[in-house]
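Heads up: the structure comes next, in structure tokens.
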Amino acid sequence: MRFRKELYLGEGIRNRRKIQWKLKCGAGMMDIYVISIAGGSNQLECTHCCYFKQKLIRENIGLIVGLAKGYAEAQQLMISMIEDSLRVTGTPNVKEYLLGTA
């Protein structure tokens, strides 16, 4: 499991290090969503933290680029990633933007 150096964090995230540790260990949490780089032609994936209890998911997740508390906050975070990509690169290719600055 790899995390981007400069994670996008939602306003509800208080202790980033603790959440990262819990994700790596498969510990349970409520209402935490993980935003990662998707495989294939998709740009981003939004996954509830309960899936990280499965070792296979933890081992095969793409680069984690954001953490949010609640689904609505995760959507807002993805919108801000797209806006940043548009502002910096001029294209909505978030995957390329985030991997280029990872």
Among the residues of the stretch 29-56, what is the count of those that are touching a helix residue (DSSP H, G or I) at 6+ places or on another chain (Cβ under 7 Å) and either more than 30 Å from residue 96 (Cβ to Cβ) or of a type outside the set (S, T, N, Q) (or both)? 11
Could you look through the stretch 16-31, keep only residues that are in a loop (DSSP other than H, G, I, E, B) and over 15 Å from the mean Cα position of the chain (by Cα), and pick out the one that is nearest to residue 75 (Cα to Cα)? 30
Among all residue pairs at least 6 apart or on different chains, which show Cβ distances below 9 Å where the first residue, located in the stretch 82-102, is more than 19 Å from residue 46 (Cβ to Cβ) and the second is charged (D, E, K, R)? 89/96; 101/4; 101/5; 101/6
Could we say that residue 66 is of a type outside the set (D, E, K, R), part of a loop (DSSP other than H, G, I, E, B) and surrounded by 15 or more Cβ atoms within 10 Å (Cβ to Cβ) here? no
Filter the stretch 32-61 down to residues that are in contact with a Ser or Thr (Cβ under 6 Å, 6 or more places away or on another chain) and free of Cβ contacts under 8 Å to residues at least 60 places away in the same chain and give me whichever is nearest to residue 9 (Cα to Cα). 34
Of all residues making up the stretch 10-22, the number that are free of Cβ contacts under 8 Å to residues at least 60 places away in the same chain and either aliphatic (A, V, I, L, M) or under 16 Å from residue 47 (Cα atoms) (or both): 4
Read through the list (1) touching a His at 6+ places or on another chain (Cβ under 7 Å); (2) of a type in the set (Ser, Thr, Tyr); (3) surrounded by fewer than 16 Cβ atoms within 10 Å (Cβ to Cβ), then give the number of the only condition that residue 41 fails. (1)
Does the stretch 76-89 contain at least one residue that is in a helix (DSSP H, G or I), buried (at least 18 other Cβ atoms within 10 Å of the Cβ) and in contact with a Cys (Cβ under 8 Å, 6 or more places away or on another chain)? yes
Report, by residue number, each residue of the stretch 32-50 that is polar (S, T, N, Q) and outside any loop (DSSP other than H, G, I, E, B). 36, 47
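Since every read-out is calculated from the coordinates, none of them should be taken as a lab result. Since we're looking at a predicted model, the values are computed, not measured. Note: ideal-geometry Cβ built from the backbone for every residue, glycine included; neighbour counts use all protein chains shown.
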